[in-house]
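Undergrad: Just passing along the structure, written as structure tokens.
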Amino acid sequence: MKKVIIVLFVLCTACTGQKLDENVAKAKVVQLLEFLKQKDYAKAQDLYTHGIQEGEPKEARIKKMQDIEKTAGDIVSYEFVESTTKKTDDGDIFVLKYKVKCSKTTLNEAFGVVMEDGECKITSHDINNTL
């Protein structure tokens, strides 16, 4: 009985104690960039935190993504630039910067990535033109 309790304790703490890892954060950003590259804006919405999703209607966020694509052009490629970590009371926030080459221009994009409800989610997405 003692062994069962110890095994259950280890399993429970392993599942709830998930910590954000830079590689997991990078994979989430790449997933988002691929959805944007494929113009699958609806799937891209699922990668953002509840706060972003509740901040404005889904249709408005999709329209913004479409407007950016019209202005910058199709995503041709993207390259990881750097990563920094911010410590908060709620956990770590990874800030990942990417250079995104589009058909009309190149964008500098910064993504804030956090753990939310046991999942890696994007909490911020800033876009700047390099012109």
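Undergrad: When you look at Thr123, is it touching a Gly at 6+ places or on another chain (Cβ under 6 Å) and among the polar types (S, T, N, Q), yes or no?
TA: yes
Undergrad: Another question about this same structure. Under 8 Å between Cβ atoms, at least 6 apart or on separate chains: pull out the pairs that start in region 99-124 with a residue that is at positive phi and end on any residue that is of a type in the set (Val, Ile, Thr).
TA: Gly118/Thr16
Undergrad: Can you find a residue that is over 23 Å from Asn23 (Cα atoms) and crowded, with 18+ Cβ neighbours inside 10 Å anywhere in region 86-104?
TA: yes
Undergrad: Hey, can you tell me all the residues within region 79-99 that are among the polar types (S, T, N, Q) and over 12 Å from Val114 (Cβ atoms)?
TA: Answer for region 79-99, where residues must be among the polar types (S, T, N, Q) and over 12 Å from Val114 (Cβ atoms): Ser83, Thr84.
Undergrad: Kindly establish whether Leu47 is touching a helix residue (DSSP H, G or I) at 6+ places or on another chain (Cβ under 6 Å), surrounded by 14 or more Cβ atoms within 10 Å (Cβ to Cβ) and modelled with pLDDT of 95 or more.
TA: The answer is yes for Leu47.
Undergrad: Let me ask another. For region 68-83, enumerate the residues that are within 15 Å of Asp126 (Cα to Cα) and without any contact (Cβ under 8 Å) to a residue 12 or more places away in the chain.
TA: The answer is none; no residue qualifies.
Undergrad: Does Leu20 meet the test of being modelled with pLDDT of 95 or more, crowded, with 17+ Cβ neighbours inside 10 Å and in contact with a strand residue (DSSP E or B) (Cβ under 7 Å, 6 or more places away or on another chain)?
TA: no
Undergrad: Follow-up question, since we're still on this one. Could you tell me which of the residues Phe9, Phe35 is at pLDDT below 95 and either closer than 17 Å to Asn129 by Cα or aromatic (Phe, Trp, Tyr) (or both)?
TA: None of the others qualify; the one that does is Phe9.
Undergrad: Report, by residue number, each residue of region 102-124 that is outside any loop (DSSP other than H, G, I, E, B), closer than 14 Å to Ala72 by Cβ and in contact with an Asp or Glu (Cβ under 8 Å, 6 or more places away or on another chain).
TA: Across region 102-124, the qualifying residues are Cys102, Glu109.
The values are calculated or read from the model by the stated rules, or taken from the named source; none is laboratory data. Keep in mind that this is a model prediction, so the values were computed, not measured. All Cβ positions, glycine included, derive from the backbone under ideal geometry; neighbour counts span all protein chains shown.
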